[in-house]
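Student: Dumping the structure here so I can ask a few things about it.
What follows is calculated from the coordinates using simple rules that are stated; it is not laboratory data. In this text the structure is predicted, and so the values were computed from the model without any measurement. Glycine also receives a Cβ, built like all others from the backbone with ideal geometry; neighbour counts cover every protein chain displayed.
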Amino acid sequence: MPRALRLFRIGCILALVSPMPALAQDVPLSQILPRLIQAEIRLEQPPPGFVSHEAHFLPGADQSLAPYLFNQQIVGQLATFPIGSPTGGFAFTFDAASGTFQRTTDSFGPAFADRALTNGRGKFTFGTSFQFSKYSSFEGQDLDGGGIKFYLRHENVPGDLFFEGDLIEAALSMDLSSATTTVFGNFGVTDKLDLAVAIPIVSVSMDATVNASILRVASGQGTTNIHAFQGGGASRSFSGSQDAAGIGDILVRAKYRFASMAGGGLAAGVDVRLPTGDAENLLGTGATGATFTLIGSTTRGNFGPHFNVGFTTNGDSDVGNIANELTYRVGTEIVAGPRVTLNADVLGRTMMDIERLELTSVEHRFFNNVGVPGVLPLQEYVARSGSLNLMNLAVGGKFNLGGNFLLNANVLFALSDSGVVSKVTPVFGFDYTF
């Protein structure tokens with residue numbers, strides 16, 4: 001996976017230097033698709049006697065929203081894609097009788113969920129993780145297969161002329177990936193209170209091509225010179241690509257354990273996401289967010305079941321509405337040996353009341369140059385309000401390499417086709433507790 005390794009090296013370098021802004025771009029990543037569909041597709045000048053209408057093919061009411069809603073879902077999902085928990089793998093409590101710190105459980109904890117246990121007074125955990133996501137589909141349609149299509153309709157011109165019934169079909173192929181290197185620290189203020197910060201360094205790559213085809217359903221083959229691309233052709237490709245890298249949205253976390261039991265208890269967490277990432281280049285949301293989470297965990301022999309239930313509220317963003325969310329994470333840790341903890345978690349998110357794109361059967365009605373009416377059935381993206389349900393499975397393990405040093409290796413698997421999907425996301429990193 002050469003691109004993953006290249007992005008990992010970039011992320012590591014960025015993580016070791018002062019946070020840097022996104023790389024300068026001629027066109028922000030969030031504007032590539034709207035520009036390709038709405039600004040780049042132009043036709044050749046029509047023959048003498050016809051009104052100039054080389055720019056008269058425009059998205060319809062829903063289609064004008066489609067590129068922006070598409071981007072909005074990309075921004076909302078890429079910038080909030082699950083990252084590993086900034087909580088350390090070791091949990092301690094101070095034993096006053098012996099004057100030493102004692103581990104409170106044999107488990108090294110989950111990777112993407114949280115447990116009620118805290119670091120321990122005065123204990124500090126430092127760590128980093130890297131994950132690479134290649135996004136392969138949108139609402140069940142392959143991103144790179146040309147199956148995502150938008151339709152541009154002819155603008156009305158005086159006289160209600162027949163050639164207004166022609167369409168342009170814009171078929172999208174997109175290569176979209178992101179790599180995130182997260183540096184985090186977690187400090188035990190007391191035996192019950194932890195404070196943590198996570199700083200993501202994000203690299204996003206987008207390469208989009210729109211294959212545009214003129215559907216001469218009204219003008220027919222005998223009048224091809226009315227609507228044609230430069231050179232007289234009926235099809236043409238328009239492309240755009242950009243890369244961006246920089247700091248993402250910084251996360252600040254507080255967790256307080258208010259009920260204790262052997263190997264766990266109940267805790268409350270508050271995460272504040274700061275809009276430090278460049279949302280125009282898909283590095284952040286552009287909005288402040290706060291997540292309130294109830295955390296529960298316990299120990300049953302070698303198993304450490306846990307659950308997280310949370311609600312996220314988001315502020316306003318210049319790049320579109322960032323939806324509020326209901327979240328849950330449930331799973332278990334499995335102590336496979338003194339130096340190995342395996343884990344499995346189901347991660348669920350419901351992005352509430354957002355504008356989604358739904359493939360809908362529509363009829364395009366027209367009449368041809370001799371006045372004969374016709375109907376062309378289409379599968380077209382239509383804007384709908386609703387909730388977006390996302391689900392992933394995280395499996396992996398934590399491995400003690402000596403002392404308080406842990407190596408973490410996990411894989412995220414997408415369990416739903418909704419939204420923008422990365423089917424498999426590898427995640428690996430380390431943490432050390434002082």
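Student: Mind putting together the pair-distance distribution for the stretch 310-365? All Cα pairs, 5 Å bins, whole percent per bin, short to long.
Tutor: Calculated over all Cα pairs of the stretch 310-365, the distribution is 4, 13, 14, 12, 11, 11, 10, 9, 7, 4, 1, 1, 1, 0 percent.
Student: Taking only the alpha carbons of the stretch 231-301, what extent do you get along each of the three principal axes, in Å, biggest first?
Tutor: Dimensions of the stretch 231-301 along the principal axes of its Cα atoms: 76, 30, 17 Å.
Student: Go through Lys192/Lys423; Lys123/Lys423; Lys192/Lys398; Lys134/Lys192 and tell me which ones have a Cα-Cα distance over 30 Å in this structure.
Tutor: Lys192/Lys423; Lys123/Lys423; Lys134/Lys192
Student: Give me Rg over Rh for the stretch 287-420, both radii from the alpha carbons and Rh done the Kirkwood way, two decimal places.
Tutor: Checking Rg against Rh, the ratio lands at 1.23.
Student: Could you pull out every one of the aspartates and glutamates with an alpha carbon less than 19 Å from that of Lys149, ignoring same-chain neighbours closer than 8 positions?
Tutor: Glu40, Asp62, Glu139, Asp166, Glu169, Asp175, Asp207, Glu355, Glu358, Glu363, Glu380, Asp417
Student: Which net charge results when you count Lys and Arg as +1 and Asp and Glu as -1 among the other residues whose beta-carbon is under 11 Å from that of Gly419?
Tutor: In short, 0.
Student: Quick check on the exposure proxy: order Lys134, Lys398, Lys423 from fewest to most C-beta atoms within 10 angstrom.
Tutor: Lys423, Lys134, Lys398
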